[in-house]
Amino acid sequence: MRIEDIVNDENINVKGINTSYYLLGLLSAFQNRFQAMADTQMKEISWKQFFLIICINMCKEDPSINELSEIVGSSHQNVKQLLIKLENKDFVEIYIDEMDKRKQRIRMTEYCKRFCEKNDIATVGIMEKMFAGITEEQLRITIETLILIDKNMGKMGED
């Protein structure tokens with residue numbers, strides 16, 4: 001069942017829900033649906049593992065586990081567990097930083113780079129289908145809104 005089907009289902013009452021709560025619910029439901037779809041597309045690794053690879057690839061230098069945890073928005077422990085699985089599959093290498101022996105850094109392997117290149121065409125096709133009919137303006141507003149919500153969440157710890 002798609003989110004649109006749930007919203008329009010006569011047996012589900014979404015009318016009285018505060019729009020902020022409604023949005024958070026939709027985002028959670030979307031994330032679950034997206035992860036399930038993405039997991040079926042990639043046979044070798046999960047969406048969460050692939051998202052780590054995307055984040056590693058965005059970094060100008062090999063990130064530390066702590067830096068990667070910040071980017072991903074997850075705990076050091078969760079990221080480390082995903083990285084261990086990726087390392088066991090030869091997607092990443094975890095190594096000790098030469099300047100600071102307390103830090104562990106991550107680099108993508110050649111196998112991982114080839115995997116990304118091989119799956120790039122399929123990924124582009126999936127993205128085009130997912131974002132069909134959505135304007136750049138709609139995407140920009142959505143991105144700006146999520147950034148503002150995240151900024152507000154960050155301020156909550158300051159109170």
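List every DSSP H helix in the chain whose Cα atoms extend 20 Å or more along the helix's own long axis and whose mean Kyte-Doolittle hydropathy is at least -0.5.
On the way: long enough: 19-41 (32 Å, 0.00); 110-130 (29 Å, -0.45); 136-156 (30 Å, -0.09).
Span-like helices, by this rule, are 19-41, 110-130, 136-156.
Which length gain, in nm to one decimal place, applies between Glu10 and Tyr95 when the Cα-Cα distance is subtracted from 0.36 nm times their residue separation?
Separation in residues times 0.36 nm, less the Cα-Cα distance, equals 25.1 nm.
Taking the radius of gyration and the Kirkwood hydrodynamic radius from Cα positions alone, what is the Rg/Rh ratio for the stretch 1-41, to two decimal places?
Rounded to two decimals, Rg over Rh is 1.04.
Given points 7 Å out from each Cα along the Cα-Cβ axis, report the Leu27 to Met153 separation in nanometres with one decimal.
0.5
Loop only by DSSP, 10 or fewer other Cβ within 10 Å of the Cβ. Give me the GluC sites (Glu not before Pro) in the stretch 58-101 that pass, ordered by residue number.
Loop-located and lightly packed - Glu61, Glu98.
Quick one: plug the Kirkwood hydrodynamic radius of the chain (C-alpha pairs) into Stokes-Einstein at 37 °C, 0.692 mPa s, and report D in µm²/s.
Numbers: Rh = 18.4 Å.
It comes out at roughly 179 µm²/s.
At 1.002 mPa s and 20 °C, plugging the Kirkwood radius over alpha-carbon pairs of the stretch 65-159 into Stokes-Einstein gives what diffusion coefficient in µm²/s?
129
Farthest toward the dipole's positive end in the chain, which of Ser28, Ile94, Val14, given Cβ charges of +1 (Lys, Arg) and -1 (Asp, Glu) about the Cα centre?
Most positive-ward Cα: Ile94.
About the Cα centre, and with charges only on the beta carbon of Lys, Arg (+1) and Asp, Glu (-1), how big is the dipole of the chain? Nearest 20 debye, please.
Rounded to the nearest 20 debye, it is 340 debye.
Based on Cβ point charges of +1 for Lys and Arg and -1 for Asp and Glu, what charge dipole magnitude is obtained for the stretch 1-41 about its Cα centre, in debye rounded to the nearest 20? Present the calculation step by step, with values, prior to reporting the outcome.
Details: 3 positive and 5 negative charges, 27 e Å.
It comes to approximately 120 debye.
All of the numbers you see were taken from the coordinates with simple rules; none came from a lab. Computed from a predicted model, the values in this text were never measured in an experiment. As a convention, Cβ positions derive from the backbone with ideal geometry for all residues, glycine included, and neighbour counts pool all protein chains shown.
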